[in-house]
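Colleague: I am attaching a structure below and will ask some questions about it afterwards.
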Amino acid sequence: MSAVKLKIAIQKSGRLYEDSTALLKECGIDLRNVKDRLKTESDNFPLEVFFLRDDDIPQYVEDGVADIGIVGENVLLEKNKKVSTIEKLGFGKCRLSIAIPRNQEYGGAESLEGKRIATSYPFLVSQYLANHNVTADIHEISGSVEIAPGIGLADVVADLVSSGSTLFMNGLKEVETILKSEAVLIQNNQLSEEQLQLLNTLLFRIRTVKKAKKNKYVLMNVPNEKLETVVSLLPGMRSPTILPLASTGWSSVHSVLSEAEFWDKIEQLKEAGAEGILVVPIEKMVL
Ligand code: PRT
Ligand code: ZN
């Protein structure tokens, strides 16, 4: 085994911290506890972890201080660094949106002409405005963007939204989506062959965990005369498993269903005669 390690940058604290560390754990990577949490490493995977502010992660990965990183696409695209996106991670979902005072009519992107826009995303907002041939006055502020119209600092805001309740509580309404975002895994563009091999191992584990989360293991009892209909509804990885039950004339059918089709399929299976349906989470899924 070579002594090469992969260095990953993740958020030190904040909205991406829990999901980022949970993902590593689900990949079977145990992290040593470090009190000040600036840096730690794993004893069972050649990984070093740097805990950083999310805004700094793209730069550190571009410079090669970290080899890979987990960061929101919103931050990644705003910072516009030379790194590659390898994988969407499915958490930290939000959107960068334009919001205006609730009592105002919205007249499309052109109505932003000449307005003062408060945002922490000046690069993405100016790109959006340029694409719409609009000239506006961007005020960069680093936090509490949503209060800017209320205190007369701006007419409009461009901020991250997830549930929308922050905008609502500040008398604003969302009128345009500039960007949809989620956490992504990024990589430095000059990794060595050995580092790329480690990255592939990690990526394989991440994809295995992601697939498992998107699928459920389903077990059900089916009268034999209805087996054919039930089986025709099931995708399975190859085909469903069918086992005889102790009571004659019945079988137990096992299969894997994706989250996307789950509820529709369950309804159809019940109608087709399946009973006692059990749904079990899958921990890992290797295809
Ligand atoms: O300290 P550091 O710089 O690392 O953290 P930070 O304060 O800059 O970022 P943090 O922890 O707030 O967010 C990290 C990342 O989480 C963001 O870059 C996004 O990729 C992602 N994310 C997902 C969000 C949200 N959802 C979110 N709702 N980031 C921020 N918000 C804020 C938003 O700015 C607004 O104030 O939540 C409020 C709106 O939420 P709703 O639910 O009321 O709409
Ligand atoms: Zn930040």
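Colleague: I need the calculated FRET efficiency for the pair SER126 and LYS5, taking r as the beta carbon distance and R₀ as 30 Å, to the nearest 0.05. List each step's numbers first, then the result.
Modeller: Values: r = 39 Å, r/R0 = 1.29.
The formula returns an efficiency of 0.20 here.
Colleague: Can you give the direction-averaged projected area of the convex hull of the alpha-carbon atoms in the chain, in nm²? Don't skip to the end; give the middle numbers.
Modeller: Working: hull surface 84.7 nm².
Projected over every direction and averaged, the Cα hull of the chain covers 21.2 nm².
Colleague: What fraction, in whole percent, of alpha-carbon pairs in the range 94-181 exceed 19 Å separation?
Modeller: Values: 1029 of 3828 pairs.
Every Cα pair in the range 94-181 considered, those over 19 Å come to 27 percent.
Colleague: For ILE147 and ASN80, what does the FRET efficiency come to when R0 = 22 Å and r is the distance between their Cβ atoms, rounded to the nearest 0.05?
Modeller: Values: r = 27 Å, r/R0 = 1.24.
Using R0 = 22 Å, I get an efficiency of 0.20.
Colleague: Using 0.36 nm times the number of residues separating LEU245 and LYS213, minus their current alpha carbon distance, what extension gain do you get?
Modeller: Details: separation 32, 0.36 × 32 = 11.52 nm, distance 2.91 nm.
My answer for the length gained is 8.6 nm.
Colleague: Here's another thing I want to ask about it. Based on the alpha carbon coordinates of the range 19-146, what radius of gyration and maximum Cα-Cα distance (Dmax) apply, in Å?
Modeller: For the range 19-146, the Cα radius of gyration and maximum Cα-Cα distance read 18.9, 58 Å.
Colleague: Shifting gears a bit: Starting from the Kirkwood radius over alpha-carbon pairs of the range 144-287, derive D by Stokes-Einstein at 4 °C in a medium of 1.567 mPa s and give it in µm² s⁻¹. Walk me through the numbers on the way to the answer.
Modeller: On the way: Rh = 20.0 Å.
Rounded, D is 65 µm²/s.
Colleague: Taking the Cα-to-Cβ direction at LYS39 and at GLU194 and moving 7 Å from each Cα, how far apart do the two end points lie in nm?
Modeller: Taking the simple label geometry, LYS39 and GLU194 are separated by 1.8 nm.
Colleague: Can you work out the base-10 log of I(q)/I(0) for the range 184-239 at q = 0.24 1/Å, using the Debye formula on its C-alpha atoms alone?
Modeller: -1.01
Colleague: Here is a further query. Please express the shape of the range 211-251 as an equivalent ellipsoid: the semi-axes are the square roots of 5 times the eigenvalues of the C-alpha gyration tensor, given largest first in whole angstrom.
Modeller: Working: eigenvalues 97, 27, 12 Å².
In descending order, the three semi-axes are 22, 12, 8 Å.
Colleague: Given Cα positions, please report Rg to Rh for the range 215-281, the hydrodynamic radius being the Kirkwood one. Mind showing how you got there, number by number?
Modeller: Working: Rg = 10.8 Å, Rh = 11.7 Å.
The Rg/Rh ratio comes out at 0.93.
Colleague: Another question, if that's okay. So what are the ³J(HN,Hα) numbers for the range 148-155, from phi and the Karplus equation (6.51, -1.76, 1.60; θ = phi - 60°), rounded to whole Hz, Gly and Pro as x?
Modeller: 4, x, x, 9, x, 7, 7, 8
Colleague: Return the calculated 222 nm mean residue ellipticity for the chain, to the nearest 500 deg cm²/dmol, obtained by summing -39500 (n - 2.57) across DSSP H runs with n ≥ 4 and dividing by the residue count. Don't skip to the answer; put the middle values down first.
Modeller: On the way: 8 runs with 77 residues, N = 287.
The helix contribution divided over the chain gives -8000 deg cm²/dmol.
Every number in this text was worked out from the coordinates using simple rules, so none of it is lab data. Because the structure is predicted, anything quoted here is derived from the model rather than measured. All Cβ positions, glycine included, derive from the backbone under ideal geometry; neighbour counts span all protein chains shown.
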